[in-house]
Amino acid sequence: MSHDHDDRPQLTAAQAAAVLNPPAGRNGGDLVVESLQGLGATTVFGLPGQHALGMFDALRRSSLRYVGLRVENNAGFAADAYGRITGEVAPLLLSTGPGALTSLAALQEAAAASAPVLAISSQIPTAGLGGGRHGYLHELRDQQASVRDIVKSVHTVRSASQIPSAIAAAWESALTAPHGPVWVEIPQDVLLAETSLPVVSAMDATPRELYPRPELTIAAAHLLSNAERPVIIAGGGVVRSDASGKLRALAEKIDAPVVTTFGGKGAFPWEHPLSLRSWLEDRHTTDFLEDADVLLVVGSGLGELSSNYHTFRPRGRVIQIEADAGKLESNHPALGIHSDAREALADLLEAVERREDPAAADRVRTVLEKVRVRIEAQELTLEQQVLAAVREALPDAAPSFWDMTILAYWAWSAFDARRPNTMHSAQGAGGLGYGFPAAIGAAAADPTKPVLAVSGDGGAMYSIAELATARQYDLPLTWLIVDDGGYGILREYMTGAFGETTGTELARPDFVALAESFGVPAVRTGPESLAADLSKALATPGPSVVVLPALLRMFEPTHL
């Protein structure tokens, strides 16, 4: 059997010499950081713990930049945002037991949003693995069991020589469509044991491409070319696969209106004549989608938020392009195409015939006008004023990260993201505390742009400790905290369902004074001065906080 070696990495003479004479004083932790460097990582997130000290000590001997947060869950959110912004793997270094478990809510969000996070956790010493109750610090019967339902893949290491292969396999898994979080765990003694293994050099972890099957592309192109009223729903998969240009070209070639899901914000230009924007929680939009004779769904599973809470009932043929096989036809029968969105859209763009429909833009305008009239009838001028102020202050290319808060729920439907991959929220898993630590990850990824985080006062308290992180690394981010004295959306839900609230009202600090105690400049603002205060904060180097005391209300739902 012959092998072709031409495509394998070749070592220089100097590298070969280093292989034969590895430096002294290295341990398993060095193999971790060398593997990450060999794969192209430049930045790692995390939080040290006793079992993981071998990894953290090795960081000193590496060129990796470490961004340490104050809570593991927040470190996970920061890694998630780094992965979303860069499209690259974001390593997350964790310790055993409580440290590992505290990251799980962030990994759930990364899984829901297809963010490539590589969590590398320590484990109890090798002698304790296998489920026996040895009484080691941080011991769990089966740490993997806690993460297996969340991450894409789990990789266990039991000896130093397994470390590079495990990390490379996890890296490949994280970047294979659909992107997602992966888990590697390494026992404490393996991380600490001295090693004479050669320094890790060239690593190959090329992700597998996920192409559409050609017969399905032909069938989908035939349906779209001959449709009378085609419509496109563009989800987060379009953003994750950097397919916005392909989406626009396809929509224009067949004159198909496009609505973006909340995870797909920015995938299609807001002001485009074919843009239905993202008013998915609106019956006028739902009616329009149901009336399509061919509906192309790209990079969305049509879950609860994307289907107007499962009230959407398509009457025409559905074509669904989705990289996550588990989401294919999970909610509606369809011509299911298991593929990366970019690859499928590229093939469809070549295969469809040009189709002209001068009335398509008029139909879009009619729907948007109905939506406008419905919202204006509810006299929610404060909410629209606040959202407009944020849009005015935020530079087009600046990313924004939105917590689970009323202003974010407005933004899902009503905010013009202007650029693909600039607006992000925690709507995948729906956990609180995402906005500010995620903004830290984005600012670490690209410190040349200001970053905006938006939270309510309840969500802000989840991540207040990270003001110290933002100050320590002097990151260019502004945190807008909308203070309404409680969990505002839960207050609305409970009042609507039960007539009164329980557990929604919160004591909270003076956020301005608290931020200033961290050395972070802060200002209290009002709706009229919000745009100016936000603009000034975003234009000032380093972290800042803007506090807006305001009681915002949601627009009336149409799914009840």
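The values are calculated or read from the model by the stated rules, or taken from the named source; none is laboratory data. Bear in mind the structure is a predicted one, so any value in this text is a computation, not a measurement. Here the Cβ positions follow ideal geometry from the backbone for every residue, glycine too, while neighbour counts run over all protein chains shown. SASA here: full protein model, heavy atoms, side chains in, ligands and nucleic acids out. Shrake-Rupley method; radii C 1.70, N 1.55, O 1.52, S 1.80 Å.
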Exactly which chymotrypsin sites (Phe, Trp or Tyr not before Pro) in region 274-347 are in a DSSP loop and have at most 13 other Cβ atoms within 10 Å? none
Taking Cα atoms, how many degrees apart are the long axis of helix 360-376 and the longest axis of the chain, rounded to 10 and kept between 0 and 90? 90 degrees
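Using 1/(1 + (r/R0)^6) with R0 = 45 angstrom and r between the beta carbons of Ser225 and His310, what's the FRET efficiency to the nearest 0.05?
Given R0 = 45 Å and the Cβ-Cβ separation, E is 0.90.
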For Pro269, what charge total do you get from the other residues with a beta carbon under 13 Å from its beta carbon, if Lys and Arg give +1 and Asp and Glu give -1? +1
Ratio for region 273-365, C-alpha Rg to 2.2 N^0.38 Å, reads 1.11
What length, rounded to one decimal in nm, is gained on full extension from Ala16 through to Ile218, with 0.36 nm per residue of separation minus their alpha-carbon distance? 67.7 nm
Suppose all protein chains stay in the model; what accessible area per residue would a 1.4 Å probe give for the chain, in Å²? 40 Å²
What is the Rg over Rh value, at two decimals, for region 338-390, using alpha-carbon atoms and the Kirkwood definition of Rh? 1.24
At a 1.4 Å probe, what is the % contribution of carbon and sulfur to the accessible area of the chain? 52 percent
Would you calculate, for the chain, the mean residue ellipticity at 222 nm contributed by helices, counting each DSSP H stretch of 4 or more residues as -39,500 (n - 2.57) and dividing by all residues, to the nearest 500? -11000 deg cm²/dmol
Calculate how steeply helix 341-351 sits against the longest principal axis of the alpha-carbon atoms of the chain, using the helix alpha-carbon long axis, and give the answer as 0 to 90 degrees to the nearest 10. 50 degrees
Under the 0.36 nm per residue contour assumption, what length would be gained going from the current alpha-carbon distance of Asp510 and Thr206 to full extension? 104.5 nm
Compute the separation of the alpha-carbon centres of region 316-330 and region 476-500 and state it in Å as a whole number. 34 Å
Protection-proxy order for peptides 489-498, 507-516, 219-228, each taking the mean of Cβ atoms within 10 Å per residue, highest first: 219-228, 507-516, 489-498
Test of understanding: express the Cα radius of gyration of region 394-456 as a ratio to 2.2 N^0.38 Å, with N the residue count. 1.03
Need one value: the accessible area of Ser201 in square angstrom, 1.4 angstrom probe, rounded to the nearest 10. 40 Å²
How big is the Kirkwood radius of the chain, worked out from every pair of different alpha carbons and given in Å to one decimal? 24.9 Å
Between region 342-395 and region 90-133, what is the C-alpha centre distance in whole Å? 40 Å
In degrees rounded to 10, the 0-90 angle between helix 104-113 Cα long axis and the longest Cα principal axis of the chain is 50 degrees
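In the P(r) worked out for region 322-453, what percent of Cα pairs fall beyond 25 Å?
Of all Cα-Cα distances in region 322-453, 51 percent exceed 25 Å.
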Of every Cα-Cα pair in region 501-560, the percentage lying beyond 16 Å is 59 percent
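Report, to two decimal places, the Cα Rg of region 1-155 normalised by 2.2 N^0.38 Å (N = number of residues).
Taking the Cα Rg and dividing by 2.2 N^0.38 Å, one obtains 1.16.
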Zone of Glu556's modelled label, taken as backbone nitrogen in region 262-280 under 20 Å from a point 7 Å along Cα→Cβ: 279-280
Computed E for Ala397/Phe498 - FRET, C-beta separation, R0 51 angstrom, nearest 0.05: 0.70
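Determine the order of Glu528, Glu34, Glu343 by accessible area, beginning with the largest, at a probe radius of 1.4 Å.
Ranked list, largest accessible area first: Glu528, Glu343, Glu34.
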Residues Glu194 and Leu382, FRET efficiency given R0 of 45 Å [Cβ-Cβ distance, rounded to 0.05]: 0.10
What are the residues whose amide H is under 5 Å from the amide H of Arg213, where those residues sit 5 or more places off or on another chain and H is modelled from the backbone? His338
Could you tell me the extents of region 402-560's C-alpha atoms along the three principal axes, largest first, rounded to whole Å? 46, 36, 31
Quick check: net charge around Leu59, other residues with Cβ under 12 Å of its Cβ, Lys/Arg +1 and Asp/Glu -1? 0
Which percent of Cα pairs goes in each bin when the distances of region 14-61 are cut into 5 angstrom slices starting at zero? 5, 18, 26, 26, 15, 6, 4, 0
